[in-house]
Every structure is written in structure tokens, then in C-alpha cells.
1. If the requirement is being touching a residue at least 60 places away in the same chain (Cβ under 8 Å) and of a type in the set (S, T, N, Q), which of these qualifies: N149, N118?
2. Hey, W535 hits all of (1) within 23 Å of E499 (Cα to Cα); (2) assigned to a loop (DSSP other than H, G, I, E, B) but one; which does it fall short on?
3. Within the stretch 490-497, can one find any residue that is farther than 21 Å from G447 by Cβ and surrounded by fewer than 16 Cβ atoms within 10 Å (Cβ to Cβ)?
4. State the number of residues belonging to the stretch 303-320 that are in a strand (DSSP E or B), hydroxyl-bearing (S, T, Y) and either free of Cβ contacts under 8 Å to residues at least 12 places away in the same chain or under 22 Å from R672 (Cβ atoms) (or both).
5. Scan the stretch 528-548 and tell me whether some residue there is more than 23 Å from R181 (Cβ to Cβ), surrounded by fewer than 19 Cβ atoms within 10 Å (Cβ to Cβ) and aromatic (F, W, Y).
6. Give the stretch 333-348 a look and list any residue that's in a helix (DSSP H, G or I) and either in contact with a strand residue (DSSP E or B) (Cβ under 7 Å, 6 or more places away or on another chain) or buried (at least 24 other Cβ atoms within 10 Å of the Cβ) (or both), or say none.
7. Condition test on T291, is it among the hydroxyl-bearing types (S, T, Y) and within 30 Å of H360 (Cβ to Cβ)?
8. Can you tell me which of I246, I286 is out of contact with any strand residue (DSSP E or B) (no Cβ under 9 Å at 6 or more places or on another chain) and of a type in the set (V, I, T)?
Amino acid sequence: MPPSLPARVLFGAAYYHEYQLSDRLDEDLDLMKAAHFTVIRVGESVWSTWEPRNGEFSLEWLQPVLDGAHARGIRVILGTPTYAVPPWLQKLHPEIAAERRTGQPLHWGGRQETDYSNPEFRVFAERIIRAVVGRYADHPAVVGFQLDNEPGMELFHNAGAFQGFVERLKAKYGDTETLNREWGLTYWSHRIAEWDELWVPDGNTLPQYDLAWRQYQADLTTEFISWQADIVREYSRSDQFVTTCIAYSRPAMDDADVAIALDVTAGNLYYGMQDHLASDRELVPIEPWTTTGVWGLYRQADRIFSTKQSRFLVTETNAQSIGGSDQNYPPYPGQLMQAALAFVSRGAAMVEYWHWHSLHFGTETYWGGILPHSQRPGRIYREVAEIGAALAALGTSLDGYEPDADVTLIYSHDSKWAFEFSPPLHTPDNRPDRLSYQRIFDAFYRGVIEAGAQARIVHASQLAGRDAADVAAAHPILVVPALYIADDDELAFLRDYAEAGGHLVLGIRTGYGDEEARARPAVAPALLDRAAGVWYEEFSNLHEPVTVHGTEGFETSPRAQATGWADGLIVESAQVLAYYDHAQHGRFPAVTTAPAGRGRVTTVGTVPNAQLAADIARWLMPTPLGEVWLKSASGGITVASGTTPGRGRTWFLHNWSSDPAHVRTPHAVIDRITDARHTAGERLSLEPWTCLVLADEYTAIHS
């Protein structure tokens, strides 16, 4: 039985006393205690401090940190330092360096430069894990362990990794003739007679090879984290959890697979602040690994929840500016509280900042911490302390909390990898858009949020073995944005889901490829065309957005547009909901719907812009859960909610704007933070960048 999460939401930051310029441990910990910290993360970045020379260990320096934290009631997550290899090891064994291209090792001087599938590296990694964890696993402050940090950063082209790939193919296909047939290696004379004729991935142009390569690389990460988990559990207590720190943009990562070996999901959630969170602004992300917009913030949190379909830990998030020295965008007053409570509303059981103090040296000198470079507590510290007080006031009221969802979206790593290799969309300057999958997925997700609904994300792999009728009952609306890689059983499941009473929504490229990334020899969407009442065999990229108009019963916004893509849908028995305002593409419908058994299949033949996506979501879910609040709310307000066993529903109302907002209570509620009671119909005011946490029922929960 895995350890349970604490009943109260954990709150804190990564703390690196070893990075401080002076010994201010007691001062730092006292400030943390005053800010209502309940957890810190330590130790994961300093292998060369733990082991300054080969076999020479220095383990006692952390003891005062753990003792001081424990004395103040602050728990500790202890990290294994395997992602930051010491100079002596890279000098002793240069062959462990990761290769981004065959025979071209990464230069040292950053982090995560190591091929962690290398057996020689594993010897040293196991030794340091056992030394650190063995020394501190029994400390009463240690609540859990973080394995490595943001694994999956590199695709290993090392000789050993490639040989492992070949051995995997031998095990799967048995002989080269089977591989030749399944991958279509007759193409361009790629047939192989012996396994040693398989080429290295650097010059590969075949999508079948690339998909298998990406799946293998993700499995290397899964195996590495599972290997560490087994070692740590030899020392950990039954009340200590084991996790890793997931960066969801990593190329060699299948988070749902990695999490099987973990007790709880932990992820890093970085987002654009300032006007990136304004409800009336449209900005591009500052970095590809961040998001923009309120919908992007929620999407990141919902992705972390999706990893194990359970509450999660936020191991890193913004305190001040993030990114490089030229990207200085600290939060507007109130935005940190807004974001923290948004994470909690989507299932976060911990909010932890990266990091406590702004570093005075190193690559991340201008990645702002809670304390500025002066080390004097300022505005950010005061706002963080207010968040700590709010979470303390929530007490145990969210123990067992599960976020609500009006619409469920299916996520597919295989399809994402396939689209990175063969993108269906292009960028504005006509280059292949390697982020096509995320672009398509985000279009539908954003529509759900901006229609006032809430979303749940489920991995395609998490549906395996489930009963279609059970899924239809649990997830009555299932959006499949771009399930390009799918076997016959997966597509049959989607058909059965609709016939069992679910509303299935198909996006572009769904059902087009099979499990080997081969285009199916059938009209699309394969195995779903009859249920959908529509099919296609031609499709077109759109260089410019095309206006879309709705038919009777399907209302479209004035700026509703199709972007990037248009399927040439041929209607058999479906009803047309929307069409293109275009001389040629207007021959085909943009959106159709058809009854299927006890359910329905709706087909969206394009990538909808924000307005069209919201129109689709409103049609799918005309009265989402939050509508009871939104119908009386002024602009800029979003609603998120969830239920707690025995305590009813909790509502999180956010004002994402610089203007005051208001809403009327649909029924009697109590403020979870202030204990103020509000009667039905009462007008509540939300100041700029503020959030209310309200409960339908009140139980004496504060201790």
C-alpha cells in the first residue's frame, strides 16, 4: 500500500543552503516558518558536494538543515543527485556522456549530459543513491524522495543505447523479414537481411523507425526511474513517498509509464505571468516550455493530474521571473495567489516554488526566487506568506479532493512523437511545425476552458482494458483531438464508447495511422466512419484562417475560424453543424454530428481557433458545472471546482483581470479561508487578481 498524501496541502520551496554565500540557515528557516512553510526540497543538484572525489563522501552537511526544518515542523523531500554528474566522474569515464548524434558526445558544463542507460554510470549512480538515502532515510523530517530531476532531456544516440534498440526490435519482431514487412522497408531499398544492417537514427527518414525509436527512448527513462525507485525503497519507511520531478516537455518521457513506479506524481509547472494571465490579452509563450493564458495554466495542472489520475505535487513553479537574464517578468500583485489556488483547484496537494533565494552565481542567476538577491524579504515573500496563510486556513478541508470535469480529452504520446517527425501543420513561415500535436490538442482544451467548462485529460494508454460502457458513464463527453497512432482495438473501443452512450468528438488525423505509423488502407476515420456518418480521403492545409459559420442549432461566434487544416468530409448520414465560408473548401462541412447507438459521434475536420473551439465546447456542454456561478459573473471570472468525500463541493472563483469583478451566490456558501458565511443571491466582489474559495457545505474542519 503506497503512503498516503498529507491531509493538508503542503507548501514550500526548493532550498539550497549550500548555495548561500553565508551561513544563514536559522534565519532562512525562521522566515519559512513565518510564511507557513510545511515542506522544502533539498539535495538533488549537488553530487559533487555529496562526493567531492571518487569514493570520498561528505554526507553530514545536510544534517543541520534537516534538524532545523524538523524543529520548525517543516517536512523535507530529499532528492537523489543523479542528474548533475561531478567533474571527476566525467573525467574518469568520458564514455558516459550522452550523444545527441552518433559518435558526438555532449560537452560537459551543463547538466543531464549523461547516458543513464550506460552500465558504468549506473555503478556510480547506485553508490551515491545508497550513500545519501541510506544516511537520511530515517530522519524524522524526511517525508519523501525525489528521484533524479526532470529526466528524459536527451535522446541517447550512444552505441550501447543503439544496441539496446536493436535487441528490443529482435525481441518484438523476431526476424528481419517481419521487420521488413511491418516497417515497409522495401521503400527506397531499406530492406535488411541481417540485424547489423540496421542504420543508426541520425539519418533516418522512415516514420516507422522513428516511432519505435521514440518509444524505446521513453522506456529508457521509465526503466531508469524504476531502477532508482527500487533502490530507494530498500531504505524508505512506509510513510515516505517516492516520486520524480517531471518536466512535461521532455522528449524522452512517457509520464503515464514513468508514474507506474511512483507513489505520487510530481511535476514542474512554469507559466507566463503579468499580461500572460490577463483574460483580455493574447500573447505568445515566453519559452516553449511555458504556457500563456489562464487556459494554459489549467492545462498544465490537468496534465499533471492525468499522469496517475490522482492528486499531485507541484515541485517547481514561478516565484519571480523565469528563464534567461533578458526575460524579467515578475508577477503582478496577486498573481502568485491566483496561480497557487488554481493549481489546488485542479488537484495539487503541494505547491513548492523554485526556489527559496535568488542565486548569486551560475546559469540561473536571474531566475528569481522568493527572496531577491538582497536576501531581504520583499513583496514576493509577503505574497508567498499570504498564500501560506490561506493554505493553512484551508486545513484538512481538501483531504481526498478530486477536481471536477465537464469534458474529457484523450492524450497520446505516440501521436505526439509521430507528429514531431511528420508534422501535419506548418508554422507561419512555412516550416514544419514540430509542435503540431500540442497545437491541435491545445485548441480543443482551450475551447473547453474558455466556454466556462472544466477538463479532465486521460492518456490513451489508460483506457486499455476498460469497459466502454463504464467509460461512457464516467466520461460522457470524450474529445479525441488527434489520435493518429492507434491500433484496431483502440479505435473499436472509441466506437463502442459512442454506441454505449458516450458523446465522442473526433479531431483531425484521428484513426488515420496504425500502431506502426503506417497510413491505413481505408477511408478515414478508419473503423469510425460508419458511426460518424462521415468519411474523407482528401485533406488540405490552410495557409490562412477560414471563417466558419454554424447551421441551425449550432451557433458560431463572429470570429470563429478554421486554422491550419481542412478535411474533405463526405457526409453519409451525419448532420452538418458548421461549414467553411470559402469558394472551394466550402464544398465540405467543417463540423458534423451523427447518432451512434445510444450515443453520438461529432467530427471536427479542422483545427478550430479559440472562438470556434469555445463554440464547439458550448454546444457539447451547454450547462457546465460552473454555469451556476458564471451566469451572474462579470468578465474575467473563471470557475473551477471539485469534491471532497463527506464535505461536498468546493468552488474556486478567480478574477483574472486588473479590474474589479463580481458574482452572485447561487446558494448558501461559506468562505473556506475566512469562514465568512454568504446567503443565496448575495453579491460578492472580487478585487483585481484575487480568488475566492467557497464551499457548499460547512464542516468544522479547522484545527
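1. Selected residue: N149, the only one of N149, N118 that is touching a residue at least 60 places away in the same chain (Cβ under 8 Å) and of a type in the set (S, T, N, Q).
2. (2) is the only condition that W535 fails.
3. Narrowing the stretch 490-497 to residues farther than 21 Å from G447 by Cβ: 490-493, 495-496.
Retained after the next criterion (residues that are surrounded by fewer than 16 Cβ atoms within 10 Å (Cβ to Cβ)): 492.
Within the stretch 490-497, one or more residues are farther than 21 Å from G447 by Cβ and surrounded by fewer than 16 Cβ atoms within 10 Å (Cβ to Cβ).
4. So the first thing to find is which residues in the stretch 303-320 are in a strand (DSSP E or B), and the list is 312-317.
Now drop any that are not hydroxyl-bearing (S, T, Y), which leaves 315, 317.
Pick out the ones that are also either free of Cβ contacts under 8 Å to residues at least 12 places away in the same chain or under 22 Å from R672 (Cβ atoms) (or both) and you get 317.
Count: 1.
5. Scanning the stretch 528-548 turns up at least one residue that is more than 23 Å from R181 (Cβ to Cβ), surrounded by fewer than 19 Cβ atoms within 10 Å (Cβ to Cβ) and aromatic (F, W, Y).
6. First, pick out the residues of the stretch 333-348 that are in a helix (DSSP H, G or I): 335-345.
Scanning the stretch 333-348 gives L336, M337, Q338, A339, A340, L341, A342, F343, V344, S345.
7. Numbers: among the hydroxyl-bearing types (S, T, Y): yes; within 30 Å of H360 (Cβ to Cβ): yes.
Judged against the criteria, T291 is a match.
8. Details: I246 fails: out of contact with any strand residue (DSSP E or B) (no Cβ under 9 Å at 6 or more places or on another chain).
From the options I246, I286, the qualifying one is I286.
The values are calculated or read from the model by the stated rules, or taken from the named source; none is laboratory data. Everything numeric here is computed off the predicted structure, so don't read it as measured data. For neighbour counting, all protein chains shown are included, and Cβ atoms are generated from backbone atoms with ideal geometry for every residue, glycine included.
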